[in-house]
Amino acid sequence: MSESIYKVIELVGTSTTSWEDAAKNAVETAGKSLKDLRIAEISKLDMRVENGKVTAYRARVDLSFKYATE
């Protein structure tokens with residue numbers, strides 16, 4: 001039986017629209033250079049505030065991908 005190894009990295013996605021779009025941007029951008037993406041977990045959400053108004057949404061994402069197989 002072969003076993004797989006997965007690596008987990010932390011990314012921060014941003015969006016001027018929503019946290020959902022911020023997370024999606026992080027995953028889709030990573031997907032352009034990483035193969036075999038598996039699980040994305042939101043670990044933190046925050047917003048950038050300027051002059052009392054929200055200007056950006058940020059999502060910290062832990063993303064796993066297949067690293068190696070035996």
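In terms of Cα to Cα distance under 17 Å, which lysines are near enough to residue 66, apart from those fewer than 8 places away along the same chain?
Cα-Cα hits under 17 Å: 7, 32, 35.
Loop by DSSP (not H, G, I, E, B), at most 12 other beta-carbon atoms within 10 Å: where is the longest site-free stretch of the chain for trypsin sites (Lys or Arg not before Pro)?
On the way: sites that count: 32, 35.
After excluding every exposed loop site, the longest remaining stretch is 36-70.
Just the Kirkwood number for the chain, please: inverse of mean 1/r across all distinct Cα pairs, in Å, one decimal. Show your work: numbers first, answer last.
Values: mean 1/r = 0.0771 Å⁻¹.
Here the Kirkwood hydrodynamic radius works out to 13.0 Å.
Gain in length, residue 29 to residue 16, computed as 0.36 nm per residue apart minus the alpha-carbon separation, to one decimal in nm? Display every interim value, and only then the final one.
Working: separation 13, 0.36 × 13 = 4.68 nm, distance 1.62 nm.
So the extension gain works out to 3.1 nm.
Note down the magnitude of the dipole of the stretch 18-64 about its Cα centre, charges +1 on Lys and Arg C-beta and -1 on Asp and Glu C-beta and zero elsewhere, to the nearest 20 debye.
On the way: 9 positive and 8 negative charges, 20 e Å.
Once rounded to the nearest 20, the dipole reads 100 debye.
Which one, 42, 17, 4, is farthest towards the positive end of the dipole of the chain when Lys and Arg carry +1 and Asp and Glu -1 on their Cβ?
Projecting each Cα onto the dipole axis, the largest value belongs to 17.
Bear in mind these aren't lab numbers, they're just calculated from the coordinates by the rules spelled out. Keep in mind that what you see is a predicted model, and the values were worked out from it rather than measured. Cβ sites come from the backbone with ideal geometry, for glycine too, and all protein chains shown count toward neighbours.
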